[in-house]
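The values are calculated or read from the model by the stated rules, or taken from the named source; none is laboratory data. All values reported here derive from a predicted model rather than from experimental measurement. Because the Cβ atoms are built from the backbone with ideal geometry, glycine has one as well, and the counts that use them run over all protein chains shown. Calculation scope for accessible area: heavy atoms of the full protein, side chains included, ligands and nucleic acids excluded. Shrake-Rupley method; radii C 1.70, N 1.55, O 1.52, S 1.80 Å.
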Amino acid sequence: MKKILLSLTALLPLLVLSGCNMVVFEPQGPVARSITDLINWSLIWMLLVVVVVFGLFGYIVWKYRERPENKDYEPPEEHGSTLLEIIWTGIPILIVIALTIPTVKTLYALEEAPKGYEEKEPITIHVTSADWKWIFSYPEQGIETVNYVNIPEDTPVLFKMTSASTMQSFWVPALGGQKYTMPKMETEMYLVADNPGSYDGQNTNFNGRGYADMKFEVLAQTDEKFNEWLADVKETAPKLTESEYDDLLKPTHMGRLTFSNTHLEWVNHADPHSKAYTNPELYRGHGYQGKTFEEEDNYKSNQPNVMENHGQGGHDESEDNHGGDHNEH
Amino acid sequence: MKAKITMEVTIMSIKWDEFFITGDPLILGSQIAIVLTMIGAVAGITYLKKWKYLWTEWLTTVDHKKIGMMYIISAVLMFFRGGMDGLLMKAQTAQPEMGFLDSQHYNEIFTTHGVIMILFMAMPFLIGLMNVVIPLQIGARDVAFPQLNALSFWLFFSGAMLFNISFVIGGSPDAGWTSYFPLAGKEFSPGIGNNFYAVALQIAGIGTLMTGINFIVTILKMRTKGMTLMKMPMFTWTTFVTSILIVAAFPIFTVALALMTFDRLYGTHFFTVSGGGMDMLWANLFWLWGHPEVYIVALPAFGIFSEVISTFSRKSLFGYKSMVFSILGIALLSMVVWVHHFYTMGSGPAVNSFFSITTMAIAIPTGVKMFNWLFTMRKGRIKISSAMLWALAFVPCFVIGGVTGVMLAMGAADYQYHNTLFLVAHFHYVLIPGVVFAVFAGLYYWWPKMFGFMLNEKIGKWHFWLFVIGFNVTFMPMFFLGLNGAVRRAYTYSAESGFAPLFMLSAIGSIILAAGFAVFCYNIYWSIRYADRNISSDPWDARTLEWSTASPVQFYNFAKLQEVKSLDPFWHMKKKNEGLTLYDSEIEEIHMPSNSWLPIYMGVIFGIAGFLLVFEWHIAAALAAIGIFAGLIIRSFDYNEGFHVKKDEIHRIENAWRKTEGEVHDHVS
Ligand code: HEM
Ligand SMILES: [Cu+2]
Ligand SMILES: [Cu+2]
């Protein structure tokens, strides 16, 4: 029975939403597909609820509406019906159970590498969201990209995510769901792409002026192409320096960048004791400006990073040009 | 270095060029409009010599009905403001890469829209109706603490005004109505905009908390003889449970806002990135209040629909007991679902599973209510008046909001819906049918009780159809936009995204919606000018006690306190022709509370102190706060015992509306 219903679900998006192609209904990988299956399963039940309630509603309103003929009809005294009330408590309970089971299963499944890919060695990519850009570090390969990420097809990719600024959300709808990136914390997510292709990714958690344009591209490639790209980057891309990195974290928009090393060498923002790079002066703008506070561990501090063997902050010398240009509206 | 060159206008160390928001024609227009409106209002009142009337009859009143009306008037104004915000957003996103609003502006607008709609429109509208109706429904002469009630109103009003001036003075909050940290902290938002959020909502929130306490006591202690808990009208029940939810949830928000204020004003580290703060704590505290808040506005709305559906179907509510238990169930569950707002925070599958289940479970009591409403109408004689139309439209629209809510509740699926326009469409499908339709239904229904004339039914139908069609056209496309990857709170999108046609459709819908609102305003105007004043005090042939007294209700509500024997007491009194007559011998002196200037004084002082605090002028704020303590002290030595209404006066007032002495006037309109 469940199988029949499930196969019906495949037809649903076609039936209900014929004509529009929506990214959530066109999954391009096993992770996204498992969520789409769940959504389709829920759509069946929800459609059932809608049909029943709308039908009942239409019937009752039509049949019992006031008309000239029934002006003298006096409705009966009626206080309820235990049987009916049990029925319409029971059926929703059953529907909720029918939805809960696959939901819980999917929730647990999404925490691990997708089924059928357990064998394949996953590659790990660190995601650091900053205002208003995405930084991708490949620690195993020793390279870093900004605002785009290349991955090999059919390989589980483990994204280890954190933020260098506010709470943001990493979302590639064609490949899977989303998860928050948060400063001094790490969240993880697996994604797999079935086929080579370009997929849109973006931040969904509002983070100020540059939010709407905080997008990136996921480019899935064949193993061969991917390795070619890696070698090419290693050879030709420049090295990222700490002071360049400080600039990178300032609230700006930028195009794509590629480096042949990673910032993880000196800071991992997921580390709860890592330095905060916050600098309120850069966010001054609209309206009356309030007092800001000097922090022990933010941009002005000379404290060493807690990351091992990196003893020197060196972030304070470039700060004199930040001083309050906030009168400029 | 640029800063040194730009002109700094500092007098008394206030930077005036930052103080007034300048450089935007929209805002300049609003500033001019505000000043002109204020001058106009002052001049008008002076010309008509209405200052004294305004002061004695309204500003210092402790009468629950007048306080209720003031709440409703404020709410309609706030609806206008919030609706303008909504229209501006829809205009900005009507086409890809529009340059109508810049991102800062858009951010401020959706933030103020969300806050104003929920806290300064939905809440006061419902609290206003509660104020007008609840004491009447339970056969009482006022709420338990009339002066506290006035204080609640003035604190709400003060908070609302403080919040609203932010867009012309100082800058509006711009971190979303959820005001998530770290974004809302000084590290990322050094402007004072978000101080307005922290302080104004605190002031209004204190007022709401007092309302909650007031209504719990009122409903527990002031019900008329014979009205046991299980004989209370459904609107009274929902108000009671909502008040409990207010008392349970608002202190959480009070604390969260206080911590936010410390972080922003005094440099503490509760939610910051640096200094060991914990941003997730804010999200948890916010939604621990925020989710119950949604039910705080939804439950009274359910109560209104129950009254309206039962009255216009001419049947008592189907499954009264299961209705009561489902309200209690919803209220309990609403306290344990808050994590569904951030499944994507990575709390792990066990936590997400738990909260998916509790959230979906809310659908069960909600479904029960839905079927009870449907079966209340079955075998009835459904009179499709304006009020009933809103209740009817509520059913299908809210079902769409409900089923999409269940879809969002499924943690794993939410990974695809979260923070998209699918979510925005969902909560508008819950809040607009669930709250806005309800207050419209309530307004059309109780308007004659409040003012002694009806709103025009024909114009009411225009209002209804434009609004409901506009609403669906506006928000239905957003479901599909969300499923196609359009995120919320984005001020623009690219042409390549393919979102343009649906965004355009949605923008057109919002114009129809706005036309509906305009017709509503016109209806109020038309009815004030032309509506028939000679109507029955029970024009709908209704069922509960508020309809057993005059319209508009005399200030003491009831000459004689009624005795209740069953549900729908007034219906049965009419059927049995019992207790409708008032005999001379039954008239006794009535004790009523006196007016007081203290509540409005407290509102003003709170507003001033709050304003100074927002600008971080701490010493001035502390000085103003002395005024708050002065008010408290004065109140402690206030021995005013109220006054007594003389028998003669009661006699005169009752005779005027009962037509002939000793006999009640024709109740069937
Ligand atoms: C009357 C017509 C309304 C229109 C045209 C409208 C339109 C909108 C739009 C366009 C957004 C922002 C979408 C985005 O970019 O994220 C929004 C957000 C919101 N609306 Fe409405 N809305 C209306 C009524 C209401 C009502 C009645 C309520 C509540 C009772 C409400 C509560 C909210 C909230 C809480 C948000 C989220 C704000 C945020 O993201 O911080 N809206 N609305
Ligand atoms: Cu976290
Ligand atoms: Cu919620």
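Can you give the relative contact order of region A:123-265 as a percent, counting alpha carbon pairs under 8 Å and 6+ residues apart? Can you show the working numbers first?
Working: 346 pairs, mean separation 42.7, N = 143.
Worked out over region A:123-265, it gives 30 percent.
If you take every DSSP beta bridge fully contained in the protein assembly as shown, what fraction is antiparallel? Give it as a percent rounded to 5. Each step should come with its number before you reach the end.
Details: 37 of 51 bridges.
Beta bridges within the protein assembly as shown, antiparallel portion: roughly 75 percent.
When Rg is the radius of gyration of the Cα atoms in region A:204-297 and Rh is its Kirkwood radius, what does Rg/Rh come to? Intermediate results must be reported in sequence, preceding the final value.
On the way: Rg = 17.4 Å, Rh = 16.7 Å.
Looking at region A:204-297, the ratio lands at 1.04.
Considering only protein heavy atoms and a 1.4 Å probe, what is the carbon-and-sulfur percentage of the accessible area of region B:450-586?
Working: 3690 of 5730 Å².
Percent of accessible area from carbon and sulfur atoms in region B:450-586: 64.
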Self-check item: Size of region B:280-438 as Cα extents on the principal axes (Å, biggest first)
Solution: 52, 30, 23
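By how many nm would the segment from A:His273 to A:Leu94 lengthen if fully extended, with 0.36 nm per residue of separation less the alpha-carbon distance?
Values: separation 179, 0.36 × 179 = 64.44 nm, distance 4.77 nm.
Residue separation times 0.36 nm, minus the Cα-Cα distance, leaves 59.7 nm.
Name the shape class, rounded, prolate or oblate, that the alpha-carbon gyration tensor gives for region B:597-639, where a ≥ b ≥ c are the square roots of its eigenvalues, rounded holds for a/c under 1.5, and otherwise prolate holds if a/b is larger than b/c and oblate otherwise. Intermediate results must be reported in sequence, preceding the final value.
Working: a/c = 5.12, a/b = 2.14, b/c = 2.40.
Oblate, since a/c reaches 1.5 and b/c is not below a/b.
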Self-check item: Modelled label reach - B:Tyr522, point 7 Å along Cα→Cβ, region B:75-111 residues with backbone N closer than 16 Å
Solution: none
Exercise. Take every Cα pair under 8 Å in chain B that's 6+ residues apart, average their separations, divide by the length, and report that relative contact order as a whole percent.
Key: 16 percent
Quiz prompt | Cα-projected label distance for B:Leu48 with A:Lys71, points at 7 Å along beta-carbon direction, nm | solution = 4.1 nm
Self-check item: Shape category assigned to region A:42-187 from the gyration tensor of Cα positions, a/c cut at 1.5
Solution: prolate
Exercise. Kindly provide the helix-only [θ] at 222 nm of chain B, computed as the sum of -39,500 (n - 2.57) over DSSP H runs of four or more divided by all residues, to the nearest 500 deg cm²/dmol?
Key: -21000 deg cm²/dmol
Quiz item: FRET efficiency for A:Leu230 and A:Asn195, Cβ-Cβ distance as r, R0 = 25 Å, nearest 0.05?
Solution: 0.80
Quiz prompt | Label-point gap, in nm, between B:Ile619 and A:Ile44 - each point 7 angstrom along Cα→Cβ | solution = 7.3 nm
Self-check item: Compactness index (Cα Rg / 2.2 N^0.38 Å), region B:288-372
Solution: 1.28
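In terms of the Cα gyration tensor, with a ≥ b ≥ c the square roots of its eigenvalues, is region B:252-314 rounded because a/c is under 1.5, prolate because a/b exceeds b/c, or oblate? Could you put the intermediate results ahead of the total?
Details: a/c = 7.72, a/b = 4.14, b/c = 1.86.
The shape class here is prolate.
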Practice problem: Whole number in Å², please: accessible area per residue of the protein assembly as shown, 1.4 Å probe, ligands, DNA and RNA not counted. | Solution: 38 Å²
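Once you have the alpha carbon radius of gyration of region B:450-587, what is it after dividing by 2.2 N^0.38 Å, with N set to its residue count? Write out the running numbers ahead of the final one.
Working: Rg = 24.1 Å, N = 138, 2.2 N^0.38 = 14.3 Å.
The value comes to 1.69.
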Quiz item: Got a sec? Which residues of region B:357-376 lose 30 Å² or more of accessible surface with every protein chain in place, vs. that chain alone, 1.4 Å probe?
Solution: B:Ile357, B:Met360, B:Ile364, B:Val368, B:Phe371, B:Leu374, B:Phe375
Quiz item: For the pair B:Ser494 and B:Ser566, what calculated FRET efficiency results from E = 1/(1 + (r/R0)^6), where r is the Cβ-Cβ distance and R0 = 60 Å, to the nearest 0.05?
Solution: 0.40
Quiz item: From the cross-link list B:Lys65/B:Lys647; B:Lys52/B:Lys458; B:Lys225/B:Lys321; B:Lys225/B:Lys315; A:Lys184/A:Lys215; A:Lys71/B:Lys449, which pairs have alpha carbons spaced over 31 Å apart?
Solution: B:Lys52/B:Lys458
Quiz prompt | Estimated FRET transfer efficiency when R0 is 51 angstrom, pair A:Glu78-B:Phe555 (beta carbons, to 0.05) | solution = 0.85
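Rounded to the nearest 5, what % of the DSSP beta bridges within region A:123-265 are antiparallel ones? Mind showing how you got there, number by number?
Numbers: 29 of 41 bridges.
Once the DSSP bridges in region A:123-265 are tallied, antiparallel ones form about 70 percent.
For the protein assembly as shown, what mean projected area does the convex hull of the alpha carbons give, in nm²? Before the final figure, lay out each step's value.
Values: hull surface 168.5 nm².
That works out to 42.1 nm², a quarter of the Cα hull's surface.
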Practice problem: Could you run the numbers on buried accessible area between A and B, total for both chains, 1.4 angstrom probe, in Å² to the nearest 100? | Solution: 9500 Å²
Quiz item: When N counts the residues of region B:116-204, how does its alpha-carbon radius of gyration compare numerically with 2.2 N^0.38 Å, as a ratio?
Solution: 1.35
Quiz item: Rg and Dmax of chain B, Cα atoms, in Å?
Solution: 25.3, 86
Quiz item: Measuring from the lowest to the highest alpha carbon on each principal axis, how far does region A:123-265 reach, largest first, in angstroms?
Solution: 39, 33, 24
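How high is the relative contact order of region B:307-362, in percent, with contacts defined as C-alpha pairs under 8 Å that are six or more residues apart? Don't skip to the answer; put the middle values down first.
Working: 23 pairs, mean separation 19.7, N = 56.
In percent, rounded to a whole number, it is 35.
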